[in-house]
Amino acid sequence: MTRRLFPFIAACLQATLLAFVVLAGNAALAQFRVEVSGIGMTQVPIAVPAFRGDDNAPQRIGAIVQADLERSGQFRSLDASGPVMDELSRPDLAAWRQKSADALLTGSVTRLADGRFDVRFRLWDVARGQDLGGQSYVVVVGDLRQAAHRIADHVYEKITGDKGVFSTRIAYVTKSGQRFNLWVADSDGENAQSALSSPEPIISPAWSPNGAQLAYV
């Protein structure tokens, strides 16, 4: 049986050597080519200029929305420098198309007499030249970031067809010394607040189905 294998092995080695020689010869003539595909190749280019009034607000709404969309991996931010626009502006969509934008988000944040903030926005489909509408939120100062996350959710759903999760919250546990802390934060990790501090370990935090309660061991 062993003798019969020798000719087969020799033939395999000869074929392998011949293939190596052919490949080595072709390497000098062929160019190395890599094709990249995946989520990075299908990102939606979007422009998010600073909201009118952002500089006078405790939170920069436009920047928060932009960061949310970039973090999703589905959007690519473009340079949106230039004149400040708001939800009432009529942008030159042809000019934005020249900048390779497929979508444009404009808006404003205004402080009201009672101390709350009126946050408004409008979304444009630059590629199709369509006004996709907008919304407004009146919030207290502590909910400005949440308003920005809700705007990001709106944009994400309008463009991708899937619901966004930027306005959801996360729960996590940290340990400092001999104390354990249960934290609740925005989906981007900001605005963290301690929900519980205990000398005993806090295990497996889980949200209720409606997101209004948090269970732990």
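Please treat every number below as a calculation from the coordinates, not as lab data. Bear in mind that the values here come from a model prediction, so they are computed numbers and not experimental data. Neighbour counts are summed over all protein chains in view; Cβ atoms, including those assigned to glycine, are modelled from backbone coordinates with ideal geometry.
Worth a mention:
- When the convex hull of its Cα atoms is viewed from all sides, the stretch 150-192 shows a mean projected area of 3.2 nm².
- Ranked by the mean number of other Cβ atoms within 10 Å of their residues, highest first, the peptides 148-154, 171-177, 76-82 fall in the order 148-154, 76-82, 171-177.
- 3J(HN,Hα) along the stretch 182-189: 9, 10, 10, 9, 5, 4, 8, x Hz, from the Karplus curve 6.51 cos²θ - 1.76 cosθ + 1.60 with θ = phi - 60°, whole Hz, x for Gly and Pro.
- The stretch 124-217, relative contact order [Cα under 8 Å, separation at least 6], %: 15
- Enclosing the Cα atoms of the stretch 76-128 in their convex hull gives a volume equal to 92 cubic angstrom per residue.
- Average 1/r across all pairs of distinct alpha carbons in the stretch 60-150, invert it, and you get the Kirkwood radius: 14.0 Å.
- Under conditions of 25 °C and 0.890 mPa s, the stretch 83-217 yields 140 µm² s⁻¹ as its translational diffusion coefficient, taking Rh as the Kirkwood radius over Cα pairs in the Stokes-Einstein equation.
- Taken one residue at a time, the phi angles of the stretch 126-133 give Karplus couplings (6.51, -1.76, 1.60, θ = phi - 60°) of 5, 4, 9, x, 10, 8, 8, x Hz. Gly and Pro are set to x.
- For peptides 58-71, 199-212, sequence by mean Cβ density within 10 Å, most packed first: 58-71, 199-212
- Taking a Cβ cut-off of under 14 Å around residue 163, the surrounding Lys, Arg, Asp and Glu residues balance to a net charge of -2, with basic ones at +1 and acidic ones at -1.
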